[in-house]
1. Taking only Cα atoms and a 10 Å spring cutoff, compute GNM fluctuations for the chain and point out the largest among Arg209, Arg179, Arg192.
2. Shape verdict for region 66-166, please, from the Cα gyration tensor: rounded (a/c under 1.5), prolate (a/b greater than b/c) or oblate.
3. Report ³J(HN,Hα) in whole Hz for each residue of region 201-215, in order, from the Karplus equation J = 6.51 cos²θ - 1.76 cosθ + 1.60 where θ = phi - 60°; Gly and Pro get x.
4. Loop-only check: which trypsin sites (Lys or Arg not before Pro) in region 1-96 are DSSP coil with at most 15 other Cβ within 10 angstrom?
5. Please check: in the Gaussian network model of the chain (C-alpha springs, under 10 Å), which one of Gly83, Gly207, Gly52 has the largest mean-square fluctuation.
6. Could you give the dipole magnitude of region 88-208 about its Cα centre, charging the beta-carbon of Lys and Arg +1 and that of Asp and Glu -1, in debye to the nearest 20?
7. Starting from the coordinates of the alpha-carbon atoms of region 35-115, obtain the Kirkwood hydrodynamic radius over all distinct pairs and give the value in Å to one decimal.
8. Let me have the 222 nm mean residue ellipticity of the chain computed from DSSP H runs of 4+ only, each contributing -39500 (n - 2.57), with the sum over all residues rounded to the nearest 500.
Amino acid sequence: MKSADWDRLARDFEAETCDITREESADTVARFVAAVPLPAKPVLVDLGCGIGSFIARFGMRFHAIYGVEFAPRIIARARARCGDEVNWLASDIPWAAKTIGRVAHLTVCMNVITQATAAARGRLWRSLADVTKMRGHALVVVPSLESEEMVVALSRQEPEWRKGGLVRRDGVWQKHFRREELADVLASHGFRVTRIAKAHYPWSIEGLRETKGRRANRPWDWIALARKT
Ligand SMILES: C[S@@+](CC[C@H](N)C(=O)[O-])C[C@H]1O[C@@H](n2cnc3c(N)ncnc32)[C@H](O)[C@@H]1O
């Protein structure tokens, strides 16, 4: 999706997107953040920060924060919410990464690297590596292909899949990852995965009612914590 397409969702961002910091049910994001060793003056970079949910919740742990987001109305909401102490960059991630440089002790990139082409995703994986300090960490969330398969099997929907983990959502092809694939792509960009888990979100996000049976088996994104080696 282009920045203009994202911008159209700005007003109803919470309803239209899966904001995993807000939606996930087992506090996995908080546990992963707590596992990151931080120095005295830690720097956070949030690539594709949306309306700033991660920064609003965890930003107080950091000495300096960069929020990158290319949709103007969405970043305006993030700024209104989190304030002017954050360094806001209203730009495409690769361009912002060059401006920011290798400063991050923690780089966050949640549900952003979902582009349909490997080339477009590659630019973003490289940006993640470019802004993260050596021995710094990346916290990455991506849609899970295994979860999508479970949802399709349970809901008996006609799957809209293409080879290579592409799933059609609201008319847009989105890349979904298998667990091993996420670990592999991080490794190929110089990261070693230290933790990987399911970040569960409510069935309502998949347009399905949460029955008693389904509650124990919610859909999920993959969340990975990886160290730059
Ligand atoms: C699904 S939302 C996730 C937002 C946030 N990370 C979260 O977890 O709530 C994806 C966000 O990434 C932004 N985005 C996507 N591609 C981008 C790019 N190339 N450069 C900057 N922002 C981008 C979109 O505008 C959107 O706000």
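The values are calculated or read from the model by the stated rules, or taken from the named source; none is laboratory data. Please read all numbers here as calculations on a predicted model, not as lab measurements. Backbone-built Cβ (ideal geometry, glycine too); neighbour counts: all protein chains shown. Just so you know, the surface numbers come from the protein's heavy atoms only, side chains and all, with ligands and any DNA or RNA stripped out. Shrake-Rupley method; radii C 1.70, N 1.55, O 1.52, S 1.80 Å.
1. Result for the chain, Cα springs under 10 Å: Arg209 fluctuates most.
2. Working: a/c = 2.30, a/b = 1.74, b/c = 1.32.
Cα axes put region 66-166 in the prolate bin.
3. Whole-Hz 3J(HN,Hα) from phi for region 201-215: 9, x, 4, 4, 5, 8, x, 10, 6, 8, 7, 4, x, 6, 4.
4. Lys2, Arg8, Arg11
5. Sorting by GNM fluctuation, first place goes to Gly207.
6. 520 debye
7. Details: mean 1/r = 0.0794 Å⁻¹.
After inverting the mean inverse Cα-Cα distance, the result is 12.6 Å.
8. Value at 222 nm, helices only: -9500 deg cm²/dmol.
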